[in-house]
Amino acid sequence: MKRGSRIQKSLFLSLSLAIGTTVLLLGLFERPSSWFITAKNAFFMVIMFTIGNLTMFALDWVRWDGMAFLKNCASRVLKAGGPLHLLKAFRWFLPRTVREDLDIVIADLEEDMKEMKQQKRSRRFIFAVLSWHVLRTITAYFVDGARGVLLKLAPFLRYFSKG
Amino acid sequence: MKMPSNTEYNLLCALGAREISGRALAKRYEQEQGTDISYGTLYTAMRRLKEGGWVDVREADEEDRRVRYFKLSAAGARHLPDLIKLKSTFGFGEVTA
């Protein structure tokens, strides 16, 4: 539902409540008649409709204001070069030789970031591209490390499998 | 010399005769292969190729950042045609030094 329909909703809500209150007051001060029973049923329908409308209104608020809040938070959290900080943190868990590799990777990614900024790419786009590269870089170093461990263990495994 | 993996082989083919930086190599690889390569994969593969004696590596400082340049080594240039022939025939094997 569009945001512009809020005014329509609040108008409808006020109208429903006004009609409902009138019918209720008439019921209190007038004798019940056939038209009154019809009006009473209509009133309950209006009440139900109002509850539904209020629920929609609340959901709408959650949807629009909640989304605005999340977007605001995201824009504060989303720094274009954010993923590079992750890579900079990750490098401390690695041996010195690999750290030097990662320094060069970070420098290259920073250069890519500059290029994307010159191309007027959005912050989210840059963030997504860098995240993708950082994720793949970290995976590559994990795989490389695991490969190294397996290669070192291979002679032992061969020896034990023979025995 | 050890037989390089598929990625390493593609990188060797993309390397060419001239010295090239890692970033430029990644771009050339993307152009030639049609798929991109992460810097992590590139640098780990190039490290293995260096250990295997296929490439020579040089590091330089450029505008407040370090750049790593790669070049096909003399032995690598000598064995690359054999490797290409071997790869096209079998797809695996050991290149004798």
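The values are calculated or read from the model by the stated rules, or taken from the named source; none is laboratory data. In this text the structure is predicted, and so the values were computed from the model without any measurement. When we count neighbours, we look across all protein chains shown, and the Cβ atoms used for this are built from the backbone with ideal geometry, even at glycine.
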task: Go through segment B:49-77 and give me each residue that's surrounded by 13 or more Cβ atoms within 10 Å (Cβ to Cβ) and not hydrophobic (A, V, I, L, M, F, W, C).
output: B:Lys50, B:Gly52, B:Gly53, B:Asp56, B:Arg65, B:Arg66, B:Arg68, B:Tyr69, B:Lys71, B:Ser73, B:Gly76
task: Considering each of B:Tyr43, B:Tyr29 in turn, give the residue that is within 11 Å of chain A (Cβ to nearest Cβ) and either surrounded by 15 or more Cβ atoms within 10 Å (Cβ to Cβ) or at pLDDT below 85 (or both).
output: B:Tyr43
message: Of all residues being exposed (fewer than 15 other Cβ atoms within 10 Å of the Cβ), not in a loop (DSSP other than H, G, I, E, B) and not acidic (Asp, Glu) in segment A:106-121, which is nearest to the other protein chains (Cβ to nearest Cβ)? Just the residue, please.
response: A:Lys114
query: Would you say A:Leu11 is out of contact with any helix residue (DSSP H, G or I) (no Cβ under 8 Å at 6 or more places or on another chain), at negative phi, part of a helix (DSSP H, G or I) and modelled with pLDDT under 70?
result: no
- line: When segment A:88-105 is checked residue by residue, the ones that are assigned to a helix (DSSP H, G or I), in contact with a helix residue (DSSP H, G or I) (Cβ under 7 Å, 6 or more places away or on another chain) and more than 9 Å from chain B (Cβ to nearest Cβ) are A:Lys88, A:Phe90, A:Arg91, A:Arg99
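Residue by residue, here is whether (1) within 26 Å of B:Ala24 (Cβ to Cβ); (2) more than 24 Å from the chain's Cα centre (by Cα); (3) facing another protein chain (nearest Cβ under 10 Å) holds:
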{"residue": "A:Arg123", "(1), (2), (3)": "no, no, no"}
{"residue": "A:Phe127", "(1), (2), (3)": "yes, no, no"}
{"residue": "A:Ile138", "(1), (2), (3)": "yes, yes, yes"}
{"residue": "A:Tyr141", "(1), (2), (3)": "yes, yes, yes"}
{"residue": "A:Lys152", "(1), (2), (3)": "no, yes, no"}
